[in-house]
Amino acid sequence: MVRVLAVADATDRGLYEHFNKERWDKERIELIVSCGDLKPSYLDYLVSQLNVPCFYVRGNHDVTYEKDPPGGCVDIHDRVERFKGLRFYGLEGSYWYNGGPAQYTERQMWWKAFWGGFSLRQAGGVDVLVAHSAPRMCPLPEKGCVCVHPPADTQINPIGQTCYIDPDRKNWDPADLPHRGFDTLRSVILKYQPRFFLHGHTHLGYGTRPRELTLGKTRLIDAYGYVILDI
């Protein structure tokens, strides 16, 4: 079992301005996982204070990482990294909305996952899938589900309500383009069934989406701020 500190989207004052080393020593953190949209200096600080490795993927707002990557951290985008027997695999970025860095169309993300599949099969699967974006929970809305962007004569299905195309699931998908989840991530999760899928970007649904959901046998965890997990 590995104790992981997962972080995303927002700097937590208890981990930065008011860092209490004695308190965090008691937590026995072994690995930091960043799901994106955090300043490199913040990750630098966490690594130096906790003295543990850090895996990360970029978020859509991480525009300085290419020139100024976080020190002591490993970018796991589209690659498998192992830590104490656990296999971690990352897919960075958000849905394409204005052409900025780390933004992908659904097709581009599909190709990333397709080529990444060779690494995943060679590794014998994956234990923890790390991404910035969430998976789309209501499958394939553009092929019949009216959860997101429905025809003008239909009613939008509110977040948290039943997904029309999959009555056994709730629809937790944000309707705006920048925060739309990827169908590709949903497919990868269902295909490989990692124990955990860690992500950011949805900011806990801005008050409407829970910290944790499930998809098949996989626990989906929104790492907004921070969350401590035993994996």
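The values are calculated or read from the model by the stated rules, or taken from the named source; none is laboratory data. Computed from a predicted model, the values in this text were never measured in an experiment. Positions of Cβ are backbone-derived with ideal geometry, glycine not excepted, and every protein chain shown enters the neighbour counts.
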Quick check on region 136-171: of everything there that is within 22 Å of His203 (Cα to Cα) and either touching a Ser or Thr at 6+ places or on another chain (Cβ under 8 Å) or among the charged types (D, E, K, R) (or both), which residue is modelled with the highest pLDDT? Arg136
Out of region 162-219, which residues are in a strand (DSSP E or B) and free of Cβ contacts under 8 Å to residues at least 12 places away in the same chain? Thr162, Pro167, Asp168, Glu212, Thr214
Return only the number of the condition from (1) closer than 23 Å to Tyr89 by Cα; (2) hydrophobic (A, V, I, L, M, F, W, C); (3) surrounded by 15 or more Cβ atoms within 10 Å (Cβ to Cβ) that Leu15 does not satisfy. (1)
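Would you point out the residue of region 40-55, among those that are of a type in the set (A, V, I, L, M, F, W, C) and more than 20 Å from Glu66 (Cα to Cα), that is surrounded by the most Cβ atoms within 10 Å (Cβ to Cβ)? Break it down into steps so the answer makes sense when it comes.
Kept after step one, since they are of a type in the set (A, V, I, L, M, F, W, C), are these residues of region 40-55: 43, 46-47, 50, 52, 54-55.
Remaining after also requiring more than 20 Å from Glu66 (Cα to Cα): 50, 52.
Details: Leu50: 21, Val52: 17.
By that ranking, first place goes to Leu50.
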Return yes or no: is Asp37 of a type in the set (Asp, Glu), surrounded by 15 or more Cβ atoms within 10 Å (Cβ to Cβ) and at pLDDT 95 or above? yes
Cβ pairs under 6 Å, 6+ apart, first in region 38-54 and touching a residue at least 24 places away in the same chain (Cβ under 8 Å) and within 21 Å of His132 (Cα to Cα), second acidic (Asp, Glu) and surrounded by fewer than 15 Cβ atoms within 10 Å (Cβ to Cβ): Pro40/Asp68
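Please work out which residue is modelled with the lowest pLDDT, limiting yourself to region 80-99 and to residues that are loosely packed, with under 13 Cβ neighbours inside 10 Å and out of contact with any helix residue (DSSP H, G or I) (no Cβ under 9 Å at 6 or more places or on another chain).
Within region 80-99, the subset loosely packed, with under 13 Cβ neighbours inside 10 Å is 82, 84-85, 98-99.
From the residues that got through so far, the ones that are out of contact with any helix residue (DSSP H, G or I) (no Cβ under 9 Å at 6 or more places or on another chain) too are 84-85, 99.
Working: Lys84: 96, Gly85: 95, Gly99: 85.
Only one residue fits best here, namely Gly99.
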Could you list all residues from region 170-210 that are surrounded by fewer than 21 Cβ atoms within 10 Å (Cβ to Cβ), closer than 28 Å to Val80 by Cβ and small (Gly, Ala, Ser)? Ser187
Has region 92-112 got any residue that is under 17 Å from the mean Cα position of the chain (by Cα) and closer than 16 Å to Val2 by Cβ? no
Sort through Arg3, Arg23 and tell me the only one that's over 19 Å from the mean Cα position of the chain (by Cα), surrounded by fewer than 21 Cβ atoms within 10 Å (Cβ to Cβ) and of a type in the set (Lys, Arg). Arg23
